[in-house]
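The next block holds one structure in the form of structure tokens; read it before the comments.
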Amino acid sequence: MRSPLAQRLLRRTCLPILFASLLWAPAARAFQYEVEVDIENEQDLYDLNAQGAISKETLDTLVELLQDGVDLSTASRENLYALPGLGYNQVDAILEYRAANGAVEDPADLVSANVISAEELMQISPFLLIGGRRAGAPFSGKLRAMVSDGTGDSTAPPTFVQVEAKGPQDLSAGLVLNTTRAWPGTVGYDPQRDTLSAKAPGYQVQLPKVYLMWKVPQRQVIAGSFRASFGQRLTLDNTLRAAGEGFYVDEVMRIDPDLVSACKYSNASSEPGATLCSEAQTHSRATPDFSWPVGFRGVAGSVRDLKIGDKELALYGFASYQSRNIYQYEIFDRRTCSDPHSDSDKCKAPTVYVRGADPTLPAAALMYSTLPDLFRETAAGGNATLNLTPTSHLGLTGYWAYMYSTVSTMQLDFQEWSKYPFGGSFGALGLDGAMKLGKVNFFLEVTRSFDHMPQNGGGFGALERTTFALPGKSEVELSARYYDKKFVNPYGRPISFADEFEGQRARNEAGLRARWRGKPNEDFVLRAMADFSMWPEDNTAQISTNPGNPPPSNYTAGLANLDLEGRVDFVGLRYLKLAGWTRYVNKDLRHNGYGQCYEAYGSTNGVDFWGDPLPCAGEFMRVAGRAAVELLNGRLGTALQVNQEWLTDSHYPSSYRQDRVFWFELFGSPIKDVNLRWRTRFFDEAVDNPGYGETSLWSFLEASWRANAAFTSILRYDFINVLDQRSSTLSLDPNPVHRLRLELVANF
């Protein structure tokens, strides 16, 4: 039975906000993201995620949108809809304005023409591409460089340089040059041990992204790094966008705010006598490398204005040959194992030893490492869309992909919990359509996946989404989805609950979701979301468990999830902003109560480092409040935020574990073009059990200077101190950690 506290919190926090929001729906506006996205730079997005205001998925989406940018004069309807704060009413009004005027020369013109409000322009401004080459200049572009270093780092700091350039003849190009320190070198076969070996991790220079693009309003060709998104993201989407249509150059980089272990060698798996990490390295924490999502690499092209009577046909096609980096425990060897579902040691991931000059000497083994370029992928696909009207279409999307290991001596394949299916090639073929009737938008996509996994072969998925654009800029979204147990599509990214079935989020799931954002008057903004999903089919694979955390009924058919969110923002005064929000997540509505795990520490993709599932079916509740005050016309301000969280934990058999987070922020602009920000976070995990969880203080001071329209610099200093007295904390070295990060952006 559900505990009394769970009942109380659900009744007093989540449900009232949700129900109140639904009652006030007629005065609503657009909603897509969890908060009003009021940012100045990318770091603001990472801060929103750290505060619990936006999810990791929303963070990735907005970072990609910010780095790619949106051109109001050429963006499609779906690309415009991805901008924060815009619903289909505003998007269609922008398209009408653009059709009448040929382009959007200045985004402020949209406000003057009453197409969007000044507040909506403020939200979308950081995500817009504005301006072109200066008169008489053959090239224009942007250069962005970032470097980060901290105490505990023993090698040169990680760095990346990102260059984008636009030239004559509608050509543009870009590249990302990056350095890494934690990655091992080339991976190969070790005949001495009949397993994998790699060069020791060390400082390396990478070129992860490079592209050349020719683009005019109805034509596009990309050679190099790119990503693709079509329909409702069910058949093909390897972007991070909330909505998309077509091909995008791939230039996204990620900043990991957390510290990582400086030691990459395993004491348990290394051979006796091997040279391992020193005691200091074992307990040392280092600045993480910058990372990046890997898309396609090859050629992509589109033609979007082929006439068929009074209709238009858009054609998209691509071919890709891409290297894939794989987490070392995500693979198995078919020479010794036929089915990775088996718990046999022969089906475990092969040990990866560090390659030395003399293969006969004892070798150290890697742990928790990503193996670079271990697989190659050949892929091809495309889309044909018949545009019936500006707001309705029929589309056909498909792709095929085949991955093979670069280590030909071994027969490497993917574990069952990997996002990639094992057994051979895979792909998907789907139909999608959109239609607008008055203020109602209908979207539907049905897809069939294909693979070569034994007793699988592929399955069906379907997603329907409806938005209601009501008077007063109101918009409500309702969606329904069904993905059968055999639907395995690593390049689909449709709406789904944040769980996984054998490595796939959109697999063995049936669900309903409702989202809404409302503004009943000029003083309040309300949000609500409710998502219910369940596993319609049994999980026939054997599930191993952690001691003390048995999965309820082996996660068979009928497992149901619930995710509720609600938020209220007071925006009636310019100098005072108040917000309160809540969230409740239940990972299995059939089995509630204390003593179950909600989160599994030290896991990746819901499994432990050796590939064993870590099923958790608990509950999580958060109540948070924030108050921000601005003085001197915004030149000085302060904010305070408190998060109170309850979650089930296997170490708490008769109560919830309670976590608490305090945020304090001071910001200001003492002189023109200089902005300062100081933020402190105090995190107290398991407040009623000081010896169990983390207690830490994380502060940063950031100074940004905008010299002119062409140059901006941001310098950030972090102070990270773990305060509790756990043995793992006492062994940390260094503690506290001091870290500096410098970012330079130049437009030319």
**Message:** Order 724-736, 89-101 from most to least packed using the mean count of other Cβ atoms within 10 Å.
**Reply:** 89-101, 724-736
**Message:** Suppose each label sits 7 Å from its Cα in the direction of the beta carbon; what would the Ala280-Val629 distance come out to in nanometres?
**Reply:** 4.7 nm
**Message:** Whole-Hz ³J(HN,Hα) for each residue in the stretch 280-294, computed from phi via Karplus 6.51 cos²θ - 1.76 cosθ + 1.60 with θ = phi - 60°, x for glycine and proline: what do you get?
**Reply:** 5, 5, 4, 9, 8, 10, 10, 5, x, 5, 5, 10, 7, x, 9
**Item:** Over the stretch 192-278, relative contact order from alpha-carbon pairs under 8 Å, at least 6 apart, %
**Value:** 19 percent
**Message:** Along the Cα→Cβ direction, 7 angstrom out, place labels at Asn521 and Arg324. What is the inter-label distance in nm?
**Reply:** 5.6 nm
**Mean residue ellipticity (222 nm) of the chain, computed from DSSP H runs ≥ 4 via -39,500 (n - 2.57), nearest 500** = -2500 deg cm²/dmol
**Prompt:** Using alpha carbons only, what's the Rg to Rh ratio of the stretch 291-445 with Rh from Kirkwood?
**Reply:** 1.16
**Prompt:** aspartates and glutamates within cross-link reach of Lys348: Cα-Cα under 17 Å, excluding same-chain residues under 8 positions apart?
**Reply:** Asp194, Glu330, Asp333, Asp339, Asp413, Glu416, Glu502, Asp608, Asp612
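Using a 1.4 angstrom probe on heavy atoms only, work out the carbon and sulfur share of the accessible area of the chain in %.
59 percent
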**Prompt:** Between Gln67 and Thr155, what is the spin-label point distance in nm, taking each point 7 Å from the Cα along the Cα→C-beta axis?
**Reply:** 2.1 nm
**Prompt:** Counting only the backbone N, which residues of the stretch 141-158 are under 20 Å from the spot 7 Å out from the Cα of Asp673 toward its beta-carbon?
**Reply:** 141-145
**Message:** Suppose all protein chains stay in the model; what accessible area per residue would a 1.4 Å probe give for the stretch 677-747, in Å²?
**Reply:** 48 Å²
**Message:** With a 1.4 Å probe and all protein chains left in place, how much accessible area per residue does the stretch 489-541 have, in Å²?
**Reply:** 34 Å²
**Dimensions (Å) - the stretch 283-375, Cα atoms, principal axes, largest first** = 72, 39, 27
**Item:** Distance between the stretch 256-290 and the stretch 619-641 - C-alpha centres, whole angstrom
**Value:** 38 Å
**Prompt:** Under 16 Å Cα-Cα from Lys577, which lysines qualify once same-chain neighbours fewer than 8 residues away are excluded?
**Reply:** Lys519
**Message:** To make sure I understand the rule: partners must be lysines, Cα under 19 Å from the Cα of Lys209, and not fewer than 8 residues away in the same chain. Which ones qualify?
**Reply:** Lys142, Lys166
**Prompt:** Whose amide H sits under 5 Å from the amide H of Lys209, counting only residues 5 or more places off or on another chain, with H placed in the peptide plane?
**Reply:** Val176
**Message:** Here is the link list: Lys199/Lys419; Lys419/Lys485; Lys215/Lys439; Lys346/Lys486; Lys346/Lys587. Which ones come out longer than 21 Å on Cα distance?
**Reply:** Lys199/Lys419; Lys215/Lys439; Lys346/Lys486; Lys346/Lys587
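With the convex hull built on the Cα atoms of the stretch 441-510, state its orientation-averaged projected area in nm².
Its Cα hull, projected and averaged over all orientations, spans 5.1 nm².
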**Fill in**
Given a Förster distance of 30 Å, the FRET efficiency implied by the Cβ-Cβ spacing of Ser269 and Asp538, rounded to the nearest 0.05, works out to 0.30
**Message:** If Rh is defined by the Kirkwood formula over all Cα pairs and Rg also comes from Cα, what ratio Rg/Rh do you get for the chain?
**Reply:** 0.94
**Message:** In Å², and per residue, what accessible area does the stretch 343-386 have when probed at 1.4 Å with the other protein chains present?
**Reply:** 42 Å²
**Asked** Given the C-alpha centroids of the stretch 158-234 and the stretch 665-694, what is the distance between them in whole angstrom?
**Response** 35 Å
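The values are calculated or read from the model by the stated rules, or taken from the named source; none is laboratory data. As the structure is a prediction and not an experimental result, all values here were calculated from the model. Quick reminder, even Gly has a Cβ in these numbers, built from the backbone with ideal geometry, and neighbours come from all protein chains shown. Remember, those area values only see protein heavy atoms, side chains included, never the ligands or the DNA or RNA. Shrake-Rupley method; radii C 1.70, N 1.55, O 1.52, S 1.80 Å.
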